[in-house]
1. Can you list, largest first and rounded to whole Å, the semi-axes you get for region 118-242 by taking the square root of 5 times each eigenvalue of its Cα gyration tensor?
2. How large is the Kirkwood hydrodynamic radius of region 288-434, counting all unique pairs of alpha carbons, in Å?
3. Taking a threshold of 28 Å on the Cα-Cα distance, which of the pairs Lys212/Lys409; Lys364/Lys450; Lys156/Lys212 fall above it?
4. Report P(r) for region 197-274: all Cα-Cα distances, bin width 5 Å, range 0 to the bin holding the largest distance, values in whole percent.
5. Leaving out ligands and nucleic acids, note down the accessible area per residue over region 303-452 with a 1.4 angstrom probe, in whole Å².
Amino acid sequence: MDLSLQLQQKQMLSQRMQQSVEILQMNTLALSEYIREVSEENPLLDWTEEHIAEKEEPSLLQKLDWLQEGDEQNRGYYQLDMENEKEREDLRFGKKETQSLREYLLFQIHILPLHQRQKTALCFLAESTEESGYLETDALQVAQKKYGLTALEAEKLLLQLQSLDPPGVGARDLKECLLIQLRQNNACETAMHIVETYLQDIAKNRMSYVAKKLHVSMEKLTKALEEIRSCVPKPGSGFCGNQPVEYVIPDVFVERKGEELFVTVNKNSVPRLFVTPSYQKLLQQDQSKETKEYITQKLKQAEWAVQCVNRRESTLLETTTQIVLAQKEFFLYPNGTLKPLRMMDIAERIQMHESTVSRAVKEKYLQCEKGVFALVDFFSQAMATDGMESISAQSIQNRIETIITQEDKTHPYSDRELTEQLTAAGIHISRRTVAKYRESMGIPSALGRKQY
């Protein structure tokens, strides 16, 4: 057996550095949960929400100043405050609880003149509907076996379920959902035939082909398609779901005052973490070695946790400030576009590593007068132009969307023609890239956009 010595260099992160990196990546919601958890684990740490309580309600004079001020953002603050006031009124007088689709179906079933055995099986089918309104796979077969139903009885119960409100509920696929609604609306035979046979062709906008196959005029086909479009593809979309609503809490705010932009970190949604002075009393009461070692260890952990939280705030503020300075045109002007920006550029400005910038903006959100945006959205690669300045990918997507909006819908532009128009405007881009940008924006191809 041969023995050999090898020298290797490995970058190892200590436990404290790992904790610092994890805290830097946390958004506002995750940081709030972390502060509460670490306070429970460490007796020398405590948290308070006093800075939230200190936030006073805007006075009447301040609201009037907001309205009189020419700044659009101040008007936005007034409108936001009025909306919050309306929400408080709704909470004060109580809001009607929303009803789920299953609860609505069960209510209708209980008032039907059916035998108890049929109601029980029908309730099972209602409980087996998804939030979209479709029946779960194999639910009918399970009900048939569970309640000892014949195939004919199971089909009759399914028809009973599909006759309930909302129209289309209990369908097993899109085709059946549309057919149920068309029958209830007494739609024309052409619409029924389209859904039964040519639904995929209509999805590809092959209007001429379908009209030729059905031997109908384009006018009659268009009227049939209007009846189909009046149907709801997901009958349960108007009811509340079982999944909790996830809210986005902005991590930073950008406030505009004239031509100046001010960046602040959202502190009102995060509890303040601090080291309690209670350990001093413990040291005075108990001078044993074990007590001193325990308090010393917990004190170091507490101080490091507070330091990491403060460092996260300063890094996020510094990073966002440089992003806002680089994208100043976007924040100042209504039609301002994003400039090409890399994380490496921000890292050089704040003199930190690119990975630090990546962690600082990860899952973080910025709120300004234009709305709420993810911080990563402000980074975009540069594309070549005929001029001296480069253009961002986001700007190219906006240009493509503008061209498509202004096109003749009876003769929409193909990806090749879009590429030619961009080239004529000095933007050099391949047809494949144009198609990728178009698909990422959810815009169909020329055939899908064509109107007859």
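The values are calculated or read from the model by the stated rules, or taken from the named source; none is laboratory data. Bear in mind that the values here come from a model prediction, so they are computed numbers and not experimental data. In case anyone asks, the SASA skips ligands and DNA or RNA and just uses the protein heavy atoms, side chains included. Shrake-Rupley method; radii C 1.70, N 1.55, O 1.52, S 1.80 Å.
1. Values: eigenvalues 202, 44, 28 Å².
After diagonalising the Cα gyration tensor, the semi-axes are 32, 15, 12 Å.
2. This gives a value of 18.7 Å.
3. Values: Lys212/Lys409 21 Å; Lys364/Lys450 39 Å; Lys156/Lys212 37 Å.
Table pairs above 28 Å Cα-Cα are Lys364/Lys450; Lys156/Lys212.
4. 3, 10, 12, 11, 7, 6, 7, 7, 8, 9, 9, 7, 4, 1, 1, 0
5. Working: 8140 Å² over 150 residues.
Per residue, region 303-452 has an accessible area of 54 Å².
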